[in-house]
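Structure record follows, encoded as C-alpha coordinates.
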Amino acid sequence: MSQADSRVVYVLSHNEELIKIAQSKPYEFDVHKYVGSILFQCPESDIKGDKRQAVKKITHGTHYDEQEQRMSDSLLKDGYVFTPEECKVGQMRYLNRFPAIRDGFQFRSRMLVIGGNKRMLENTWGRKIYFTYERFDPALYRRIYAWRAASEVADTLNQWGFIPTVQFIDKYNLRSRVNLQVHDEICVSVTPENDECWDLMRLIRDSMEREREYEGTKLSIPVTFALEAKYHAEQVEWKRFPSYEEYKECISKLWEQRIR
(Lines give C-alpha, C1' and ligand atoms only; values in the text may rest on other atoms or scores of the structure.)
Protein backbone atom coordinates (compact mmCIF):
# COMPACT_ATOMS: atom_id res chain seq x y z
CA MET A 1 0.00 0.00 0.00
CA SER A 2 1.57 3.24 -1.15
CA GLN A 3 2.13 5.81 1.62
CA ALA A 4 -0.96 4.38 3.32
CA ASP A 5 -0.61 5.88 6.83
CA SER A 6 0.01 9.38 5.52
CA ARG A 7 -2.96 9.16 3.13
CA VAL A 8 -5.31 8.18 5.96
CA VAL A 9 -4.00 10.96 8.23
CA TYR A 10 -4.39 13.53 5.44
CA VAL A 11 -7.99 12.52 4.74
CA LEU A 12 -8.87 12.58 8.45
CA SER A 13 -7.45 16.11 8.72
CA HIS A 14 -10.42 17.35 6.62
CA ASN A 15 -8.06 19.76 4.85
CA GLU A 16 -8.65 20.20 1.09
CA GLU A 17 -4.97 20.43 0.16
CA LEU A 18 -4.01 17.37 2.19
CA ILE A 19 -6.98 15.39 0.84
CA LYS A 20 -5.84 16.20 -2.70
CA ILE A 21 -2.35 14.91 -1.84
CA ALA A 22 -3.88 11.76 -0.31
CA GLN A 23 -5.81 11.05 -3.50
CA SER A 24 -2.79 11.44 -5.81
CA LYS A 25 -1.13 8.49 -7.54
CA PRO A 26 2.39 7.38 -6.44
CA TYR A 27 3.72 7.77 -9.98
CA GLU A 28 2.32 11.33 -10.12
CA PHE A 29 3.32 12.60 -6.68
CA ASP A 30 5.66 11.26 -3.99
CA VAL A 31 4.49 12.73 -0.69
CA HIS A 32 7.68 11.71 1.15
CA LYS A 33 9.89 13.50 -1.38
CA TYR A 34 7.67 16.55 -1.15
CA VAL A 35 7.76 16.58 2.65
CA GLY A 36 11.51 15.92 2.53
CA SER A 37 12.03 19.02 0.42
CA ILE A 38 10.24 20.99 3.16
CA LEU A 39 12.18 19.39 6.02
CA PHE A 40 15.62 19.67 4.42
CA GLN A 41 14.86 22.77 2.30
CA CYS A 42 16.25 21.19 -0.84
CA PRO A 43 14.91 20.06 -4.26
CA GLU A 44 12.69 16.96 -4.28
CA SER A 45 15.22 15.25 -6.56
CA ASP A 46 17.68 15.19 -3.64
CA ILE A 47 15.28 13.17 -1.47
CA LYS A 48 16.09 9.55 -2.27
CA GLY A 49 17.48 6.38 -0.71
CA ASP A 50 18.28 6.66 3.00
CA LYS A 51 17.22 10.29 3.13
CA ARG A 52 13.72 9.39 1.91
CA GLN A 53 13.48 6.61 4.51
CA ALA A 54 14.46 9.06 7.24
CA VAL A 55 11.80 11.50 6.01
CA LYS A 56 9.16 8.76 6.32
CA LYS A 57 10.03 8.24 9.99
CA ILE A 58 10.02 11.96 10.75
CA THR A 59 6.71 12.41 8.92
CA HIS A 60 4.97 9.55 10.73
CA GLY A 61 6.46 10.63 14.04
CA THR A 62 5.11 14.15 13.53
CA HIS A 63 1.65 12.81 12.71
CA TYR A 64 1.60 11.04 16.06
CA ASP A 65 3.28 13.83 18.07
CA GLU A 66 6.41 11.80 18.76
CA GLN A 67 8.84 13.73 20.94
CA GLU A 68 12.12 14.85 19.40
CA GLN A 69 14.38 12.77 21.68
CA ARG A 70 12.44 9.59 20.98
CA MET A 71 12.41 10.36 17.26
CA SER A 72 16.17 10.91 17.27
CA ASP A 73 16.70 7.59 19.07
CA SER A 74 14.37 5.77 16.68
CA LEU A 75 16.21 7.15 13.65
CA LEU A 76 19.57 6.20 15.16
CA LYS A 77 18.45 2.55 15.50
CA ASP A 78 17.97 2.51 11.73
CA GLY A 79 21.32 4.15 11.11
CA TYR A 80 20.15 7.75 10.55
CA VAL A 81 21.89 10.40 12.66
CA PHE A 82 19.61 13.32 13.55
CA THR A 83 19.96 15.26 16.78
CA PRO A 84 16.79 15.97 18.80
CA GLU A 85 17.17 19.62 17.83
CA GLU A 86 17.23 18.73 14.11
CA CYS A 87 14.15 16.53 14.57
CA LYS A 88 12.35 19.39 16.29
CA VAL A 89 13.19 21.80 13.48
CA GLY A 90 11.95 19.27 10.92
CA GLN A 91 8.70 18.75 12.79
CA MET A 92 8.05 22.48 13.09
CA ARG A 93 8.72 23.09 9.37
CA TYR A 94 6.28 20.30 8.49
CA LEU A 95 3.57 21.54 10.86
CA ASN A 96 4.04 25.16 9.77
CA ARG A 97 3.48 24.06 6.17
CA PHE A 98 0.53 21.81 7.05
CA PRO A 99 -1.04 23.10 10.28
CA ALA A 100 -4.10 20.91 9.62
CA ILE A 101 -2.05 17.93 10.86
CA ARG A 102 -2.13 19.46 14.34
CA ASP A 103 -5.32 21.56 14.17
CA GLY A 104 -7.33 19.06 12.14
CA PHE A 105 -6.22 15.44 12.49
CA GLN A 106 -4.79 15.56 16.02
CA PHE A 107 -7.45 17.89 17.46
CA ARG A 108 -10.37 15.94 15.96
CA SER A 109 -8.84 12.64 17.13
CA ARG A 110 -8.68 13.88 20.72
CA MET A 111 -12.21 15.21 20.59
CA LEU A 112 -13.57 11.87 19.37
CA VAL A 113 -12.37 10.31 22.63
CA ILE A 114 -12.93 13.21 25.03
CA GLY A 115 -16.18 14.55 23.57
CA GLY A 116 -19.19 13.12 25.39
CA ASN A 117 -16.77 11.22 27.60
CA LYS A 118 -16.97 8.22 25.22
CA ARG A 119 -13.41 7.16 25.94
CA MET A 120 -13.27 4.94 22.87
CA LEU A 121 -12.53 4.97 19.16
CA GLU A 122 -13.98 2.93 16.31
CA ASN A 123 -12.48 2.63 12.85
CA THR A 124 -14.31 2.14 9.56
CA TRP A 125 -14.09 -1.64 9.91
CA GLY A 126 -15.89 -1.62 13.25
CA ARG A 127 -12.77 -2.32 15.32
CA LYS A 128 -12.91 -0.55 18.69
CA ILE A 129 -10.37 0.46 21.28
CA TYR A 130 -11.36 1.59 24.77
CA PHE A 131 -9.63 4.07 27.09
CA THR A 132 -12.06 3.59 30.00
CA TYR A 133 -9.51 3.89 32.80
CA GLU A 134 -6.81 5.86 30.99
CA ARG A 135 -5.60 9.27 32.16
CA PHE A 136 -5.92 11.97 29.50
CA ASP A 137 -2.34 13.08 28.92
CA PRO A 138 0.05 13.53 25.96
CA ALA A 139 1.10 9.86 26.04
CA LEU A 140 -2.51 8.74 25.61
CA TYR A 141 -3.10 11.26 22.83
CA ARG A 142 -0.11 9.86 20.93
CA ARG A 143 -1.64 6.37 21.17
CA ILE A 144 -4.93 7.76 19.86
CA TYR A 145 -3.28 9.43 16.84
CA ALA A 146 -1.31 6.30 15.94
CA TRP A 147 -4.24 3.92 16.37
CA ARG A 148 -6.53 5.83 14.03
CA ALA A 149 -4.24 5.49 11.01
CA ALA A 150 -2.53 2.19 11.82
CA SER A 151 -5.76 0.31 12.52
CA GLU A 152 -7.28 1.45 9.22
CA VAL A 153 -4.21 0.36 7.25
CA ALA A 154 -3.88 -3.00 9.02
CA ASP A 155 -7.57 -3.91 8.68
CA THR A 156 -7.73 -2.86 5.04
CA LEU A 157 -4.66 -4.92 4.23
CA ASN A 158 -6.06 -7.96 6.05
CA GLN A 159 -9.62 -7.76 4.73
CA TRP A 160 -8.91 -6.71 1.15
CA GLY A 161 -5.39 -8.10 0.67
CA PHE A 162 -4.29 -10.96 2.89
CA ILE A 163 -7.58 -12.88 3.15
CA PRO A 164 -8.60 -12.68 -0.55
CA THR A 165 -5.08 -13.73 -1.60
CA VAL A 166 -5.09 -16.80 0.67
CA GLN A 167 -8.61 -17.72 -0.48
CA PHE A 168 -7.63 -17.37 -4.15
CA ILE A 169 -4.57 -19.58 -3.68
CA ASP A 170 -6.62 -22.25 -1.87
CA LYS A 171 -9.52 -22.12 -4.34
CA TYR A 172 -7.34 -22.73 -7.39
CA ASN A 173 -4.75 -24.92 -5.64
CA LEU A 174 -1.86 -22.64 -6.61
CA ARG A 175 1.76 -23.24 -5.72
CA SER A 176 2.20 -19.65 -4.48
CA ARG A 177 2.17 -18.97 -0.73
CA VAL A 178 1.65 -15.90 1.45
CA ASN A 179 4.75 -15.51 3.66
CA LEU A 180 4.30 -12.29 5.60
CA GLN A 181 1.94 -9.46 6.43
CA VAL A 182 4.04 -6.48 7.53
CA HIS A 183 1.93 -3.45 8.42
CA ASP A 184 1.18 -2.08 4.93
CA GLU A 185 2.49 -4.87 2.71
CA ILE A 186 2.15 -8.57 2.08
CA CYS A 187 4.97 -10.80 0.88
CA VAL A 188 4.03 -13.70 -1.40
CA SER A 189 6.30 -16.44 -2.76
CA VAL A 190 5.22 -16.86 -6.37
CA THR A 191 5.98 -18.80 -9.53
CA PRO A 192 5.59 -17.52 -13.09
CA GLU A 193 4.23 -20.91 -14.16
CA ASN A 194 0.71 -20.69 -15.60
CA ASP A 195 0.82 -16.93 -14.91
CA GLU A 196 0.17 -17.47 -11.20
CA CYS A 197 2.08 -14.32 -10.23
CA TRP A 198 0.25 -12.21 -12.82
CA ASP A 199 -3.16 -13.44 -11.67
CA LEU A 200 -2.30 -12.71 -8.02
CA MET A 201 -1.08 -9.21 -8.86
CA ARG A 202 -4.33 -8.42 -10.66
CA LEU A 203 -6.40 -9.86 -7.81
CA ILE A 204 -4.53 -7.79 -5.19
CA ARG A 205 -4.77 -4.60 -7.25
CA ASP A 206 -8.49 -4.96 -7.94
CA SER A 207 -9.28 -5.83 -4.33
CA MET A 208 -7.01 -3.37 -2.54
CA GLU A 209 -7.63 -0.30 -4.69
CA ARG A 210 -11.36 -0.15 -4.00
CA GLU A 211 -12.62 3.14 -2.57
CA ARG A 212 -13.31 3.41 1.13
CA GLU A 213 -15.01 6.31 2.88
CA TYR A 214 -13.35 8.07 5.81
CA GLU A 215 -15.60 10.56 7.60
CA GLY A 216 -17.34 11.50 4.38
CA THR A 217 -14.27 11.51 2.09
CA LYS A 218 -13.67 8.68 -0.37
CA LEU A 219 -10.13 7.37 -0.70
CA SER A 220 -8.55 4.66 -2.83
CA ILE A 221 -5.09 3.76 -1.53
CA PRO A 222 -2.85 2.80 -4.48
CA VAL A 223 -0.92 -0.47 -4.46
CA THR A 224 2.65 -0.77 -5.71
CA PHE A 225 4.40 -4.04 -6.54
CA ALA A 226 7.96 -5.31 -6.29
CA LEU A 227 9.51 -8.50 -7.67
CA GLU A 228 12.44 -9.76 -5.62
CA ALA A 229 14.61 -12.87 -5.43
CA LYS A 230 14.89 -12.19 -1.67
CA TYR A 231 12.87 -10.05 0.71
CA HIS A 232 13.39 -6.29 0.27
CA ALA A 233 15.96 -6.70 -2.48
CA GLU A 234 13.67 -4.47 -4.60
CA GLN A 235 15.06 -5.70 -7.90
CA VAL A 236 11.94 -4.65 -9.82
CA GLU A 237 9.45 -2.09 -8.54
CA TRP A 238 6.28 -0.80 -10.19
CA LYS A 239 4.53 2.31 -8.92
CA ARG A 240 2.14 2.04 -11.88
CA PHE A 241 0.62 -1.35 -12.64
CA PRO A 242 2.63 -2.89 -15.52
CA SER A 243 1.41 -4.21 -18.83
CA TYR A 244 1.49 -7.96 -19.28
CA GLU A 245 4.48 -7.60 -21.62
CA GLU A 246 6.44 -5.58 -19.04
CA TYR A 247 5.59 -8.08 -16.33
CA LYS A 248 6.56 -11.07 -18.48
CA GLU A 249 9.93 -9.62 -19.42
CA CYS A 250 10.85 -8.75 -15.82
CA ILE A 251 9.74 -11.96 -14.15
CA SER A 252 11.40 -14.12 -16.81
CA LYS A 253 14.77 -12.45 -16.20
CA LEU A 254 14.39 -12.62 -12.44
CA TRP A 255 13.33 -16.25 -12.52
CA GLU A 256 16.41 -17.18 -14.58
CA GLN A 257 18.68 -15.35 -12.12
CA ARG A 258 17.05 -17.18 -9.23
CA ILE A 259 17.60 -20.59 -10.84
CA ARG A 260 21.28 -19.84 -11.37
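Tabulated data
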read-out	value
Complete set of residues in the range 185-200 that are closer than 20 Å to Lys239 by Cα and touching a Leu at 6+ places or on another chain (Cβ under 6 Å)	Cys187
Sole residue being of a type in the set (S, T, N, Q) and surrounded by fewer than 16 Cβ atoms within 10 Å (Cβ to Cβ), chosen from Gln69, Gln91	Gln69
Count - residues of the range 123-157 that are of a type in the set (Asp, Glu) and surrounded by 14 or more Cβ atoms within 10 Å (Cβ to Cβ)	2
Test: residue in the range 18-27 that is at pLDDT 90 or above, farther than 17 Å from Pro222 by Cβ and in contact with a strand residue (DSSP E or B) (Cβ under 7 Å, 6 or more places away or on another chain)	no
Check on Gln41, within 28 Å of Asp155 (Cα to Cα) and either of a type in the set (Asp, Glu) or modelled with pLDDT under 80 (or both)	no
Residue selected from the range 201-260 under the condition acidic (Asp, Glu) and either surrounded by 12 or more Cβ atoms within 10 Å (Cβ to Cβ) or assigned to a loop (DSSP other than H, G, I, E, B) (or both), by the criterion nearest to the chain's Cα centre (by Cα)	Glu209
Residue list for the range 148-196, restricted to those being among the hydroxyl-bearing types (Ser, Thr, Tyr) and part of a loop (DSSP other than H, G, I, E, B)	Tyr172, Ser176, Thr191
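The values are calculated or read from the model by the stated rules, or taken from the named source; none is laboratory data. Please read all numbers here as calculations on a predicted model, not as lab measurements. Neighbour counts run over all protein chains shown; Cβ positions are idealised from the backbone, glycine included.
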